[in-house]
Every structure is written in structure tokens, then in C-alpha cells.
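The values are calculated or read from the model by the stated rules, or taken from the named source; none is laboratory data. Predicted model, so just to flag it, every value in this text is computed and none were measured. Glycine also receives a Cβ, built like all others from the backbone with ideal geometry; neighbour counts cover every protein chain displayed.
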Ligand SMILES: [Zn+2]
């Protein structure tokens, strides 16, 4: 049993309380490798932003759970070395699907876990979430739950259609499970293809797809039912078209990739939404930078020469999200 407090990590309780009061959102960035982690910590240290480092089950398979935990522990020390006096770093399991997986992460030094029972019938979601909450809270580990279904693909989680969260269920769900935060479905979606072209309109000038707006009416209803309760948005990458263009002009093929416009996320960050998950955007930044270097310098074979620029591009992206979209800069001195 490893306690996250010994690793210098924090749970989400205090960071969410401050974010709800302050009208901003905490970035939740997924990581799978060293360059991504370095970029996240550098961006957060330079902007003094609290951060949630997310590990999905796919990341655990890819990088190994033990290694990821030591990387998170190292991240705290790296942050201090960068001059960030009091780093506020949370290590969070993204989309845990069983009690056993959540328990193993709690036992292993995670400070927060998500139990995603959103694909289960309502009562089964409650029972599973409650079981995880009861275990995690013994160790002061916070728990995120989910109501409503997001469309899209995230690692092993695939859903064809989305179902918006039903606001009439949230009080009962939050009360009976004791969860610390709730992921809701209001039209965000996993992956780099968040909407089908037929769901979008086209900008006549650029020919690019313009996605449908988020269901802010559902969010407002949820806020009314649970005032001050931390709400989470998954699948909130904006799929920057400049990265898609760089990828497509350097040998890639991402036709009609589309995300959530940043003005929509900015509006959400000012509401009860206090955690916004961003994964695809950093994948796109990484891939765009790597493709560009390899296309321009076909003789290059030192991974540092293309992973380095990829890391710089991700750092730039994370800082942009923190300062221009989430408003979490300067919130963790
Ligand atoms: Zn998600």
C-alpha cells in the first residue's frame, strides 16, 4: 500500500472547491510517455496551474502502471526543480471500469480515481460507484463518477451514440453514491472525430466543419439541482485545425477531424464545470511536430530530434489551454 500523500500528490477536493468558487476549471491531461509528462509539468510550473495527470487503462497497458506511478512521483520533484514551490498535482485514473482496477490504483498511490459505470443500468452504476467511494474515501482518495453516455472512442471505451445526462437523476445519484465529482454528457465526445460531417455545418470560407453547440441548458439544470457540486467534462479537445493541416500536408490523413470550439469550453469553465479533460489535442500536437521534422529532414533518425520539437509543441498547447481556455493559471503558487 502506497499513500499518495507520501508521493507529494494531492486529491481533487480542495482544487475543485477553489475552482468552483473562482469560476475556472482544472486541466486534466492524459499522459503515456515521458515527453508528454515533461510538457505538462513544464507548462503547469510556468503558469502555476494546478493539474490532474490522468492515466487511462490504455496508458497502463502501454507504459506499465508501476512506471507511471514513479513518473508521477518524479513529476512532483521535477516541478519543484522548475521553481514551482507548492505543486498541486493529482494522479487520477481515467475511466476505471471495475472495483478491482480502482482499488488497485488507490493501493498504488493514485490520489483520485474515476469509476465509469455510465454504460450500466442506473441502479448498477450507483451500486458500483458507491462501493468504490467507500473504499477510496478510507484513504482520502477522491472519486469521479459518470452519468450519461459520451459518444466516441477512448482507448477501449467505444460508444456509438451519446445520451445526455438526465438532470432529474443527479441529486439522487450524488447523494446515494457519495461521489466527489460527476462527469456529465452535454454533447462533448471522445477522440479527434467528435462529430460526423452530417451533424455539422460547413464554414463557407474555409470549408471546415462547424460542430453543433454544447447543451448548456442541461448543464444549467444540473447546476440548479446540485449547486456548487464539481462537474466534469470529458472529450473536450478542440482538435486545432492548424495541427490537422500540418499532419495532412506532411503525409497524414485526418479528413474532417473536428472538436469542441474553445469559446464553448471557456464558457463551461466559468460554470460548475471544474475539470476539463484534454487528450486528443496533445496527440495532434505531438504528431504534427513529428511529421513535420521527419518530412523536412528525411535523414533524421535521432528520436530526440523529433520528440524534442513534439514536446515543445505540447508545452505550448498546454499553456494555451491553461491561460486562454481554462483560466487556471496562477491558482497554485
Ligand atoms: Zn473520458
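For this structure, a couple of remarks:
- Residue within the stretch 8-24 that is under 16 Å from residue 330 (Cβ atoms) and assigned to a loop (DSSP other than H, G, I, E, B) present: yes
- Just one of the listed residues (219, 226, 209) is farther than 30 Å from residue 143 by Cβ and touching a strand residue (DSSP E or B) at 6+ places or on another chain (Cβ under 8 Å), namely 209.
- Residue-level check: of (1) touching a residue at least 12 places away in the same chain (Cβ under 8 Å); (2) touching a helix residue (DSSP H, G or I) at 6+ places or on another chain (Cβ under 9 Å); (3) surrounded by fewer than 16 Cβ atoms within 10 Å (Cβ to Cβ); (4) farther than 25 Å from residue 165 by Cβ, residue 255 misses just (1).
- Per the conditions (1) out of contact with any helix residue (DSSP H, G or I) (no Cβ under 6 Å at 6 or more places or on another chain); (2) part of a strand (DSSP E or B); (3) more than 16 Å from the ligand (Cβ to nearest atom), the sole criterion not satisfied by residue 28 is (3).
- Within the stretch 36-93, the residues that satisfy the criterion of being touching a strand residue (DSSP E or B) at 6+ places or on another chain (Cβ under 9 Å), part of a loop (DSSP other than H, G, I, E, B) and within 24 Å of residue 280 (Cβ to Cβ) are 49, 50.
- Scanning the stretch 54-69 for residues that are at pLDDT 90 or above, away from the ligand (no atom under 16 Å from the Cβ) and under 21 Å from residue 42 (Cα atoms) yields a single hit, 63.
- Screening residue 101 on (1) buried (at least 22 other Cβ atoms within 10 Å of the Cβ); (2) modelled with pLDDT of 95 or more; (3) in contact with a strand residue (DSSP E or B) (Cβ under 8 Å, 6 or more places away or on another chain) shows it passes everything except condition (1).
- Long-range neighbours under 9 Å by Cβ, at least six apart or interchain, first residue part of a loop (DSSP other than H, G, I, E, B) within the stretch 287-307, second surrounded by 19 or more Cβ atoms within 10 Å (Cβ to Cβ): 297/306; 300/306
- Summed over the stretch 82-98, residues that are under 21 Å from residue 42 (Cβ atoms) and crowded, with 22+ Cβ neighbours inside 10 Å total 7.
- Residues within the stretch 130-153 that are surrounded by fewer than 20 Cβ atoms within 10 Å (Cβ to Cβ), touching a strand residue (DSSP E or B) at 6+ places or on another chain (Cβ under 8 Å) and modelled with pLDDT of 95 or more, tallied: 1
- Hits in the stretch 100-115 (condition: touching a helix residue (DSSP H, G or I) at 6+ places or on another chain (Cβ under 9 Å) and either away from the ligand (no atom under 16 Å from the Cβ) or in a loop (DSSP other than H, G, I, E, B) (or both)): 103, 104, 106, 108, 109, 110, 111
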